[in-house]
Amino acid sequence: MAARTVVRVLLIGWLLTLATIISGGLVSVSGSSTTCLSWPLCLEELRNGQNPLIWISLTHRALVALALLAVVAGMVAVWRRPETTGLPRIFAFAAGFLFILQALAGALLVWGIPAMVADVWHLSGALLAFGAQTLTLLLITLPAQSPSERVTGRVAQTQRRLRRMAWWLAASAGVAALAIGARSAAPTLEMATALPANSVGAMSFVALLSVWMAFELRRRLQPVAQPVALAIAVPRYSLLLSGLALLALVGLFITPTGHLLSLIAGTILWAGTLAIAVALQRIPFHVVSTQGVARPAPAWRSVIADYISLTKPKVISLLLVTTLTTMFITEAGIPSWWLVLWTMIGGYLAAGGAGAINCAFDSDIDVNMGRTSRRPVPSGRISPRAAFIFGAVLSILSIIVLWVFTTPLAAFFAFLGIVYYAYFYTGWLKRTTWQNIIIGGGAGAIPPLVGWTAVTGSVSLMAVVLFAIIFYWTPPHFWALALVKQKDYARAGVPMLPVVAGEAKTRWQILVYSAIMMAVSLLPVAIGAMSWIYLLGAVLLGLRFMRDAWAVWRVGDQAAIWGLYKYSLLYLALLFAVMVADRLIIG
């Protein structure tokens, strides 16, 4: 079959699926689904009833039938064409499979299956099928092209960054479209209580990201292969998509017509973002390079970057992971996305505020250490007083956010973590005793308590166990870094264990605390909070940790130490992720 014929068949199926989604949204917002109580047709109701809304439901079902035929025909056409292999075939099959599932979900809805199950997944299945059809079309119409020349260095990094940004935008637009679809399908269901905030937040994120993407493409993109208009069309196209995102966002605040408008705009937005991502992935392009050009960043941008660095974003990322995953393993069940959002904001503000205060207090230490001497305060770009005020403001905001939008107990634990880290550890422990990491590890173990209490409003034994896991994880993790940076700590006068007791004792303590940590990590199973899934994951992850700790004790070279340090970061994230998997699978 000719490529043009395959594209035409796929395009017809794509348009019919889009029409199906729009008509399905119209059925939901108009309430016409209740006028047609048989499946697949409702001829009896049509003969006996006078309700004009029945025609909306009938039109939707007719479009579903036509779209199903077209989608299956497109799938067959793609698979029968020998030149088309790989991803186009996979996505064509996925489109057909998902479309059949959504049609069955519609039938289940008519047959009396609860709307919480069928209505949401009926529209969501159509959206997923639409995304798969879009990718099939794009992969066939935009064949991969080889670049005329190989690029390296900063130019290659910028190309990869633009491509990653495009795929992140497409993924975000897909999530937003699904959230809008679920909200339009079930605006009054218990399942949908978190969806309004979720859909608004998701679409707000997409709008911001699309504007940023349009700006970056306009500033960076240069074509090196046909079509030459890529550098002009793609940035303008991206800016148009940001307008669609804003339109969808505005529609969410208008009931019920606006929900349909949001659904249409969100669906087209998803297809458009996928088109940009695939185009950047498969069509070679050059980017404008600033390498070798002395163009200093604007002063305001440098100031903002410095203040953000005071919050220690890399450190915060792991703290937020433990907070987030903890929220999904409480006995209260899956939290609303609105609660998750505010907890993450409050958690970042709390950890960032404590980090900024730490930078203000530790400037005399940081200036003597190679790892920290270039931070804003020791380098003189921000004064200690300004850093302290910034940290205090963030800390106060975190307490307000958590108190108002989550629970007072979560706000209390955030306050406790700020005081523990910024004052008890930074101001006293770090400068006076080699046990600073052992005792001070409690500060980094508080985020799970914040996440747990934000959902439940109380503390349970499992929350304490989570605290203990991170408490005993901290010494081997941080002592590994201290072994590498012990000369810096000695020069700064900080009594870290390698400086006070030497490398041999530090390596032994790493092994001891690693064994304690592994034992503590099995307590969730012992208290009945987790099942065999977590047990298996904890044992496998712990054995790898012990292997690395054993290598540090027996070998003690830089490779072994760095290996343990890097794996310890991954270990903690994976351990908490396994807890979430256990809770979601076993319940």
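For region 359-371, which residues satisfy the criterion of being closer than 17 Å to Ala422 by Cα and in a loop (DSSP other than H, G, I, E, B)?
If the condition is that a residue be closer than 17 Å to Ala422 by Cα and in a loop (DSSP other than H, G, I, E, B), then Asp362 is the only one that fits.
Among the residues in region 451-470, are any of a type outside the set (A, V, I, L, M, F, W, C), part of a helix (DSSP H, G or I), under 30 Å from Val367 (Cβ atoms) and touching a residue at least 12 places away in the same chain (Cβ under 8 Å)? Outline the logic, then answer.
Initial filter on region 451-470 (of a type outside the set (A, V, I, L, M, F, W, C)): 451, 453, 456-458, 460.
Of the ones still in play, those that are also part of a helix (DSSP H, G or I) are 451, 453, 456.
Subsequent filtering for residues that are under 30 Å from Val367 (Cβ atoms) retains none.
There is no residue in region 451-470 that is of a type outside the set (A, V, I, L, M, F, W, C), part of a helix (DSSP H, G or I), under 30 Å from Val367 (Cβ atoms) and touching a residue at least 12 places away in the same chain (Cβ under 8 Å).
Scan region 520-534 and tell me whether some residue there is of a type in the set (S, T, N, Q), over 30 Å from Asn368 (Cβ atoms) and either assigned to a helix (DSSP H, G or I) or touching a residue at least 12 places away in the same chain (Cβ under 8 Å) (or both).
yes
What about Ala70, is it at pLDDT 85 or above, among the aliphatic types (A, V, I, L, M) and open to solvent by less than 20 Å² (accessible area, probe 1.4 Å)?
yes
Testing Thr432 on (1) over 21 Å from Met327 (Cβ atoms); (2) surrounded by fewer than 19 Cβ atoms within 10 Å (Cβ to Cβ); (3) free of Cβ contacts under 8 Å to residues at least 60 places away in the same chain, one condition comes back false. Which one is that?
(3)
Which one of Ser363, Ser373, Ser395, Ser379 is free of Cβ contacts under 8 Å to residues at least 40 places away in the same chain, among the small types (Gly, Ala, Ser) and within 24 Å of Gly441 (Cβ to Cβ)?
That would be Ser363, the only listed residue that is free of Cβ contacts under 8 Å to residues at least 40 places away in the same chain, among the small types (Gly, Ala, Ser) and within 24 Å of Gly441 (Cβ to Cβ).
What are the pairs, 6+ residues apart or on separate chains, where a residue within region 195-212 that is modelled with pLDDT under 70 has its Cβ under 7 Å from a residue that is of a type in the set (Val, Ile, Thr)?
Ser199/Ile180
Residues Trp550, Trp532: which one is open to solvent by 30 Å² or more (accessible area, probe 1.4 Å), out of contact with any Ser or Thr (no Cβ under 9 Å at 6 or more places or on another chain) and of a type in the set (Phe, Trp, Tyr)? Break it down into steps so the answer makes sense when it comes.
Details: Trp550 fails: out of contact with any Ser or Thr (no Cβ under 9 Å at 6 or more places or on another chain).
Selected residue: Trp532, the only one of Trp550, Trp532 that is open to solvent by 30 Å² or more (accessible area, probe 1.4 Å), out of contact with any Ser or Thr (no Cβ under 9 Å at 6 or more places or on another chain) and of a type in the set (Phe, Trp, Tyr).
So which residues in region 319-338 are open to solvent by less than 30 Å² (accessible area, probe 1.4 Å) and part of a helix (DSSP H, G or I)?
If the condition is that a residue be open to solvent by less than 30 Å² (accessible area, probe 1.4 Å) and part of a helix (DSSP H, G or I), then Thr322, Thr323, Thr325, Thr326, Met327 are the ones that fit.
Using beta carbons and a limit of 7 Å, which pairs, at least six apart or on different chains, have the first residue in region 562-587 and more than 25 Å from Lys485 (Cβ to Cβ) and the second one part of a helix (DSSP H, G or I) and among the aromatic types (Phe, Trp, Tyr)?
Val578/Tyr534; Met579/Tyr534; Asp582/Tyr534
So which residues in region 1-20 are farther than 30 Å from Leu58 by Cβ and either under 35 Å from the mean Cα position of the chain (by Cα) or not basic (Lys, Arg) (or both)?
Met1, Ala2, Ala3, Thr5, Val6, Val7
Does region 13-22 contain at least one residue that is at pLDDT below 85, open to solvent by 50 Å² or more (accessible area, probe 1.4 Å) and either farther than 19 Å from Leu142 by Cα or out of contact with any Cys (no Cβ under 8 Å at 6 or more places or on another chain) (or both)?
yes
Restricting the search to region 364-379, which residues are within 13 Å of Tyr307 (Cα to Cα) and open to solvent by 60 Å² or more (accessible area, probe 1.4 Å)?
Arg375
Would a scan of region 283-302 turn up a residue that is open to solvent by 50 Å² or more (accessible area, probe 1.4 Å), modelled with pLDDT under 80 and β-branched (Val, Ile, Thr)?
yes
Just wondering, is there one or more residues in region 113-121 that are modelled with pLDDT of 80 or more, within 25 Å of the chain's Cα centre (by Cα) and assigned to a helix (DSSP H, G or I)?
no
It is to be established whether one or more residues within region 473-480 are over 28 Å from the mean Cα position of the chain (by Cα) and in contact (Cβ under 8 Å) with a residue 60 or more places away in the chain.
Yes, some residue in region 473-480 is over 28 Å from the mean Cα position of the chain (by Cα) and in contact (Cβ under 8 Å) with a residue 60 or more places away in the chain.
The values are calculated or read from the model by the stated rules, or taken from the named source; none is laboratory data. Just so it is clear, the model here is predicted, and its values are computed rather than measured. Glycine also receives a Cβ, built like all others from the backbone with ideal geometry; neighbour counts cover every protein chain displayed. Ligands, DNA and RNA are stripped out before the accessible areas are found, and what is left, the full protein with its side chains, is counted by its heavy atoms. Shrake-Rupley method; radii C 1.70, N 1.55, O 1.52, S 1.80 Å.
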